[in-house]
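A quick write-up on the structure given underneath.
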Amino acid sequence: MDKGGVRGRALVLPGLIRRARGIPRRVGGVALGRALVIPVFFLLLEILVRAKLVSPLFVAEPSAFIRALVVKMADGELLWLTGRSLAEFGIGMAAIATIGLTMGYLFWRFPVMGGAYEPLLGGIMAAPTILLYPVFLIFFGRTAGAIIALIAIQATIPIVLNTRHALAEVSPTFIKVGRSLNLSERQLFRHILLPAAVPMVFAGLRLGIIYMLLGIIALEYIIGIGGLGWFISEVGYRFDTPALYAGIGMVFLVSVVVMYGVNRVQRALK
Amino acid sequence: MNQRRVVILALVPLFALSFLVAACAPPAPTPPAAAPAAPAAPAPKAITKIKLVVPQKDAMATGGFYAIATNKGYLKDEGLEVEPVYTRGGAEQVQVVVSGEVPIALQTGIASVMGAFVKGAPVTIISSADIGSPSVIWYVKADSPIKGWKKELAGKKVGYSRPGSGSHMAVLDLIDYYKTQGWTPPPVAVSTGGMPDTLAATLTGQIDVGWTGYPVNMDQFEKRVIRDVFRPMRDLAGWDNLVVRVNFANSNWLDKNREVARAFLRAWKRATDFSYENPREAFLFLSGFVGTPMESDFVISKYEEYQPRASQSLAPRGSYDLAMKQAIMGKFIERPLTKAEMDKLFPLAYIPK
């Protein structure tokens with residue numbers, strides 16, 4: 001008796017091919033879903049806006065805002081503004097990573113200091129420090145410096161806290177192994193503590209990146225200076241909805257690229 | 001002792017006390033003999049509640065007229081109860097009205113309303129609100145090296161409220177004037193938001209030239225902390241009959257509430273007239289509304305100079321050519337509106353006689 005027959009073999013074949021290529025069945029489905037979700041969403045939105053079920057004053061057709069994105073990038077305006085926002089972001093990230101990692105290490109190295117300041121930092125992280133922008137404008141002027149300085153306050157804190165906890169929570173077994181191999185303190189830190197702490201440190205860096213990026217765009221929008229945030233504010237006031245969504249799309253693209261870069265760096269450090 | 005018993009024991013004296021109080025209370029007064037029936041009073045006017053965008057609420061033409069209309073009962077006479085919603089000017093309030101959240105907005109830059117109209121937004125101008133903008137003044141710190149507006153503002157940061165506002169159009173016109181005169185570099189327009197924010201920005205050097213609207217910051221002029229350096233109606237051509245700001249409404253709401261809009265404008269006109277006939281009382285109302293004293297002799301003496309009655313006419317004067325030119329400079333519209341489009345945007349049907 002032929003159990004399954006021709007039809008049975010046809011049903012089994014795709015699975016065999018995937019397994020032969022080393023692609024689990026689940027991964028293929030996820031990849032397909034990921035690839036389709038945005039185009040399907042855009043198609044749905046296009047239909048809704050064209051049918052005037054959604055007001056075109058507030059939501060642009062995807063075809064219109066993609067066209068606006070291409071035009072604005074081609075004439076250089078959006079690229080220049082994106083560059084400006086990214087420059088603010090880059091300077092800010094360099095500052096908060098340096099300060100955050102250093103302070104996190106010091107808080108771990110000197111537990112009394114960590115215990116004294118950690119609750120205060122936690123409170124500041126939860127506070128809407130963005131409302132201090134008028135004060136920062138006075139000290140730094142209407143410049144990118146005001147934006148970077150203000151956002152850096154909040155964005156540094158998750159890096160400090162995560163770094164401290166990452167080092168404090170390294171398994172004692174790893175440390176014992178290191179000591180049994182007669183590693184110096186420096187070697188212990190470099191070869192055991194640091195690699196073990198990387199995942200949690202990067203979790204803190206990711207939070208810092210999110211605070212930094214969101215905060216920069218938000219303050220550019222509120223104050224009316226700078227790059228992408230200023231652009232979104234300007235076109236929004238002019239009811240140029242396709243350009244508005246083009247600007248938002250650009251912010252989204254920048255976020256995706258930045259987070260992808262962080263993930264690659266983390267994998268490399270592992 | 002279990003909890004239930006405790007509760008009961010606690011409640012019993014409470015009930016007893018309440019019976020005691022009731023028993024000791026004086027007897028209810030007997031009602032007076034019924035008076036002869038009076039003629040039936042006219043049925044009170046049904047009250048319509050509406051929200052109103054009030055930008056830069058410290059100014060007489062916004063918060064002041066609103067305070068007068070409310071306190072003198074002009075709005076109530078027209079059967080209206082108005083709740084103010086505050087913004088910082090320009091296209092910010094256009095978005096609020098277009099969304100349908102608030103049906104009417106005051107003193108909005110005509111450029112931002114035109115810009116929304118050409119994009120298909122449901123907006124209709126119901127009246128003019130500020131002709132010539134004589135009440136808006138640009139100033140510098142008293143010790144600033146800037147003495148005048150011609151050439152000296154080259155490359156300087158000049159503030160305005162929000163994109164699409166009357167102050168924005170004035171700064172764009174100033175920049176255009178510099179370009180036509182060949183004075184380079186032209187001034188730099190900086191959006192500074194409200195008048196208090198702008199004063200802080202100017203005094204701390206964030207910008208070189210700030211703006212204010214009468215009567216806000218008049219005390220700073222009086223104390224010589226700041227001084228006047230530029231006023232478009234005085235210094236630029238064509239501003240005498242320029243409709244700078246308008247009162248406008250959401251068209252969808254307006255179609256169902258035409259009489260409400262007319263009633264509002266009648267009340268508004270009464271408030272405007274009252275302010276010129278009784279300026280001291282008008283400023284007292286404004287002071288009460290904003291919570292800051294504004295009724296000084298200096299301020300009141302400047303009323304007709306900075307806000308002449310003719311500038312508050314609800315009916316427009318002259319053509320819209322300059323307004324459209326400014327709207328194009330600000331990228332709110334790409335081409336001038338046709339007469340038919342202007343008639344649709346500003347039908348003149350709501351202005352009281």
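Values quoted throughout were computed directly from the atomic coordinates according to the rules given, and no laboratory measurement underlies them. Because the structure is a prediction, the values reported are computed rather than measured. With ideal geometry, Cβ positions are generated from the backbone for all residues, glycine too; neighbour counts draw on all protein chains shown.
Worth pointing out:
- Global form of the protein assembly as shown, assessed from the alpha-carbon gyration tensor, a/c cut-off 1.5: prolate
- To the nearest ten degrees, helix B:166-181 and the longest principal axis of the Cα atoms of chain B are 0 degrees apart.
- Sequence-distant residues sharing a close amide H with B:Val190 (under 5 Å, placed H): B:Val158, B:Gly159, B:Tyr160
- Oblate is the label for segment B:172-322, because the ratio a/c of its alpha-carbon gyration tensor axes (a ≥ b ≥ c) is 1.5 or higher and a/b is not greater than b/c.
- Rounded, prolate or oblate (a/c below 1.5 giving rounded, otherwise prolate when a/b exceeds b/c) for chain A by Cα gyration tensor: oblate
- Rounded FRET efficiency, nearest 0.05, which uses the C-beta distance separating B:Lys344 from A:Ala95 and R0 of 60 Å: 0.65
- Fewest-first sequence of A:Ile147, B:Ile175 by Cβ atoms within 10 Å of each Cβ: B:Ile175, A:Ile147
- Among A:Gly90, A:Gly76, A:Gly145: highest mean-square fluctuation, GNM of chain A, C-alpha pairs under 10 Å: A:Gly76
- DSSP H segments from chain A that extend 20 Å or more along their own axis, Cα-based, with Kyte-Doolittle mean of 1.6 or above: A:194-223
- Taking amide H positions as modeled 1.01 Å from N, with prolines and chain starts lacking one, the residues under 5 Å from B:Gly89 and 5 or more places away or on another chain are B:Gln56.
- Rounded to 0.05, the FRET efficiency of the A:Thr102 and A:Arg67 pair, given R0 = 60 Å and the Cβ-Cβ distance, is 0.80.
- Counting only alpha carbon atoms, the long axis of helix B:279-290 and the longest principal axis of chain B meet at about 70°.
- Most mobile of A:Leu121, A:Leu79, A:Leu32 in a GNM of chain A (Cα contacts under 10 Å): A:Leu32
- A:Ser171/A:Glu77 FRET efficiency (R0 56 Å; Cβ-Cβ; nearest 0.05): 0.60
- Rounded to whole Hz, the Karplus (6.51, -1.76, 1.60) HN-Hα couplings of segment B:304-318, x for glycine and proline: 5, 6, 8, 9, x, 4, 4, 6, 9, 4, 7, 8, x, 10, x
- For chain B, the alpha-carbon radius of gyration amounts to 1.30 times the rule-of-thumb value 2.2 N^0.38 Å expected for a compact globular protein.
- Acute angle (nearest 10 degrees) that the helix B:3-24 long axis makes with the longest principal axis of chain B, alpha-carbon atoms: 80 degrees
- Spin-label model, A:Arg267 to A:Phe252: label points 7 Å out along the Cα-to-beta-carbon direction sit 2.3 nm apart.
- A straight Cα-to-Cα reach below 23 Å connects B:Lys119 with the lysines A:Lys52, A:Lys72, B:Lys256, B:Lys325, B:Lys331, B:Lys339, B:Lys344, residues fewer than 8 places away in its own chain not being considered.
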